[in-house]
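> Once you've had a glance at the structure underneath, I'll fire off some questions.
The values are calculated or read from the model by the stated rules, or taken from the named source; none is laboratory data. Quick caveat, the model's predicted, so the values are computed rather than measured. Cβ placement follows ideal geometry from the backbone for every residue including glycine, while neighbour counts extend to all protein chains displayed.
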Amino acid sequence: MKSIGKTSLSIALTLSALVSAQSFAGTKSTYNVYNSATSISGSFGSARNSADTSQTLHIGDTGSIATIWSRTSAGSIKSCTTSNAAHLAALRSATSNSYLIANHSGGTCTYVNVYKGSLFAPKEL
């Protein structure tokens, strides 16, 4: 699956909010775990529902520091940590059905956003 960049996702979410809610009723999209030298993204539900046994997206929160850890279906592992209060608040709002995007540099998260909505496929048990 092609990766979706931060800008593309923001545009898609903005457009979907502007269009009638009925035109998107029932839409569920898959956002597999993606990572690169500077970013981590994916949907928790998509990672959980993936056919492979590699995809993982994890948030570890110790109270004052949080770590985002990801592994793609190809086995690429990336992580970053943050103590930024806004990042911590966003990460703490994540659910098992959220979409997470983070930019990182040198192991530090420089941008964090958590999206929630019916567009993101829920995890299946």
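> Sort through N103, N97, N35 and tell me the only one that's in contact with a Ser or Thr (Cβ under 9 Å, 6 or more places away or on another chain), modelled with pLDDT under 95 and surrounded by 13 or more Cβ atoms within 10 Å (Cβ to Cβ).
Values: N103 fails: modelled with pLDDT under 95; N35 fails: modelled with pLDDT under 95.
On inspection, the qualifying residue turns out to be N97.
> Another one. Pull up segment 85-100, narrow it to residues that are over 22 Å from N49 (Cα atoms) and among the aliphatic types (A, V, I, L, M), then point me to the one that is farthest from the chain's Cα centre (by Cα).
A85
> May I ask you to list the residues in segment 51-94 that are at pLDDT below 95 and in contact with a helix residue (DSSP H, G or I) (Cβ under 8 Å, 6 or more places away or on another chain)?
none
> For the condition of a type outside the set (A, V, I, L, M, F, W, C), in a helix (DSSP H, G or I) and at negative phi, what is the one hit in S96, S46, S41, S118?
Unique residue meeting the criteria: S46.
> Taking the options I77, I101, name whichever one is β-branched (V, I, T), touching a strand residue (DSSP E or B) at 6+ places or on another chain (Cβ under 7 Å) and more than 13 Å from A37 (Cβ to Cβ).
Residue meeting the stated conditions: I101.
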